[in-house]
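This report concerns only the one structure given below.
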């Protein structure tokens, strides 16, 4: 069972996405900010994949990724963004293995997760 | 040929006279090309032609003065020579008569044959004598030699007789007398031992005198004649009054020497007059010699020359004027063309910036809409999952909650699209009364997400007492958007942005946008509104944002200023009129 960390400041969106992933048999920990995510990592041993929103108040997705990597180097990352501009895409593509624009298709996310799981 | 002339005329007329680019007007750096062109021509023409004109004028003055002096000298020379000739003529005859009366006795001279013999000899020796007579102290003529039947005439009442009796010698004026022919009487008195006296009288031919005078007459514009001391003409002259024999010229003041003066004739024409009072060594005479020259006659050569100089001057002035106009036109054309190109670039850049800001707006909107869409997507997806994966949908309260979630997200999208429509509509509207607070809030909506993301604190302080301002909403929105964008680019994450409005007098509102970012160095501060000035890396900034903002504020009849300190931050202050005049925005 895949262990996921889901971080986004859009509370309803992230909780809904978590339920959908749980329906698909994954274990999801939801966080609404970078600080919460860091605290969750401190508490739990290991997340296979972190799904991070790029733009968040406080610690943004990219900064959060670096901090999480410092704590767990095996963790894989998927970025989500609502902006979808070329510039954002370039940043996402550089920083993360997977990059998905909002609104996302669940199948794409599952495919990305499967790919990352397969690479492990 | 006609084609060449048309081209020449075109080279004189500046391009700005026929400009058909009204839409470029706000972008021109110089508005007063007409004044610039006119002033250029005026200054150059004055600089070139005024010295030339003054030099010519001074030259004319000098020439005229030297001609005046020369003509006075020449007239004096002629008068002097003529005076010597007339004096000599009279003196010679007076001397001969004196000699005769001293050498011959009364008895001899009163003998008719002897007197005729003396007359013959005098005519042979000197000429110019018409007759000779002997007159007793009673005025009776006792002997006469000559062509007229005058023997026995009584001259006791004649003026010359009285004068001779008193002064021993006399020269009369020219008069006609008994013989009815103009003549001069010359008489010499001889005192006898018995207290008696007699006079020897000769009459002089005036023809000889007139002929002598005429030899000194030079040219058609000159006259030479004699008057007596009352101004009555003694010899013929042009200068006589029509109904008397007086001269039109005034009697000159007595002088022993030959004199000259300038005067005007009866028609007001300027003349030069040389005169001399004729006095012999033996006796005074009643004559004044007058030499008159018309100034116009003497000036003719100079006047002809002056006409030629004037033509030359006029032609030179026309050539100089044409060259100056052509040069001025060409310079102003070059300036105008450069300005026109710049204005065109500015206009295109402003349009591009407008398009860019619309693009930015669209991106902002897309981002704003994406979040609720993502929520719709997930919620609807979850509902679908419930149907396809869990099969437990009937009368499920959770399902109703999710559908509410979907509806809420749709409502959020609706709000965003309404805002977008409101924003877009403002591009079409011209002048309208707007609430500055609402406008600022609208603009900041597009930066809300970025501010949250970058942890930038935005403080807006727009008091209630700020009135609605009459302006172009779209333009003002763009001004604020550009300034806020600029601030966002200048500040680091965690910094703050203050937007504050206050009244600047009863008619103007002042909006300050202050950031505590990196600031602008002093050397860059004065250039920030210049087009194409940027401190960003090559390809990152166009350098047009603030320049366009400046242009927009100008269009709104406001002004914009900037204060900045490196490391402390920058404040842009926009001042706008509360009300604008009609048709100005």
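The values are calculated or read from the model by the stated rules, or taken from the named source; none is laboratory data. Everything numeric in this text was worked out from a predicted model, so none of it was measured. A quick note on method: Cβ atoms are made from the backbone with ideal geometry, for glycine too, and the neighbour counts reach across all protein chains shown.
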* Structure fact -> Going through segment B:368-379 in order, the residues found to be within 7 Å of chain A (Cβ to nearest Cβ) and at pLDDT below 85 are B:370, B:371
* Structure fact -> By residue number, the members of segment B:461-489 that are in contact with a strand residue (DSSP E or B) (Cβ under 6 Å, 6 or more places away or on another chain) and closer than 21 Å to residue B:566 by Cα are B:483, B:487
* Structure fact -> Residues of segment A:1-12 being touching a helix residue (DSSP H, G or I) at 6+ places or on another chain (Cβ under 7 Å), in contact (Cβ under 8 Å) with a residue 24 or more places away in the chain and within 13 Å of chain B (Cβ to nearest Cβ), in sequence order, are A:6, A:8, A:10
* Looking only at residues in segment B:114-135 that are out of contact with any strand residue (DSSP E or B) (no Cβ under 9 Å at 6 or more places or on another chain) and exposed (fewer than 14 other Cβ atoms within 10 Å of the Cβ), which one is nearest to residue B:285 (Cα to Cα)? -> B:125
* Structure fact -> Of the listed residues (B:569, B:545), the one being closer than 17 Å to residue B:524 by Cα, surrounded by 19 or more Cβ atoms within 10 Å (Cβ to Cβ) and modelled with pLDDT under 85 is B:545
* Structure fact -> Of B:393, B:382, the only residue that is within 14 Å of chain A (Cβ to nearest Cβ), in contact with a helix residue (DSSP H, G or I) (Cβ under 7 Å, 6 or more places away or on another chain), part of a loop (DSSP other than H, G, I, E, B) and on the phi < 0 side of the Ramachandran plot is B:393
* Structure fact -> For segment A:73-120 the number of residues that are assigned to a loop (DSSP other than H, G, I, E, B), at pLDDT 80 or above and within 10 Å of another protein chain (Cβ to nearest Cβ) is 4
* To do: With the condition kept exactly as written, say whether any residue in segment A:27-38 is away from chain B (no Cβ under 14 Å) and out of contact with any helix residue (DSSP H, G or I) (no Cβ under 7 Å at 6 or more places or on another chain).
  => yes
* Restrict the check to segment B:275-288 and report whether at least one residue is over 30 Å from residue B:166 (Cβ atoms) and either in the same structural domain as residue B:74 (by TED's automatic domain parsing) or without any contact (Cβ under 8 Å) to a residue 12 or more places away in the chain (or both). => no
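For every residue, the table says whether it meets (1) away from chain A (no Cβ under 14 Å); (2) in contact with a strand residue (DSSP E or B) (Cβ under 7 Å, 6 or more places away or on another chain); (3) surrounded by 21 or more Cβ atoms within 10 Å (Cβ to Cβ).
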position	(1), (2), (3)
B:442	yes, no, no
B:448	no, no, no
B:455	no, no, no
B:459	yes, yes, no
B:491	yes, yes, no
B:498	yes, yes, no
B:503	yes, yes, no
* Residue in segment A:55-62 that is more than 14 Å from chain B (Cβ to nearest Cβ) and touching a helix residue (DSSP H, G or I) at 6+ places or on another chain (Cβ under 8 Å) present -> no
* Take the residues of segment B:192-213 that are more than 18 Å from residue B:93 (Cβ to Cβ) and in contact (Cβ under 8 Å) with a residue 12 or more places away in the chain: which is surrounded by the most Cβ atoms within 10 Å (Cβ to Cβ)? -> B:198
* Considering segment B:411-438 alone, what residues qualify as being surrounded by 15 or more Cβ atoms within 10 Å (Cβ to Cβ), modelled with pLDDT of 75 or more and part of a helix (DSSP H, G or I)? -> B:412, B:413, B:436, B:437
* Only one residue in B:322, B:365 is out of contact with any strand residue (DSSP E or B) (no Cβ under 9 Å at 6 or more places or on another chain), in a helix (DSSP H, G or I) and within 14 Å of another protein chain (Cβ to nearest Cβ), so which one is that? -> B:365
* Got at least one residue in segment B:460-473 being outside any strand (DSSP E or B), within 22 Å of residue B:438 (Cβ to Cβ) and modelled with pLDDT under 85? -> yes
* In this structure, does residue B:299 turn out to be in a helix (DSSP H, G or I) and either more than 51 Å from the chain's Cα centre (by Cα) or surrounded by fewer than 21 Cβ atoms within 10 Å (Cβ to Cβ) (or both)? -> yes
* Can we say residue B:320 is at pLDDT 90 or above and surrounded by 14 or more Cβ atoms within 10 Å (Cβ to Cβ)? -> yes
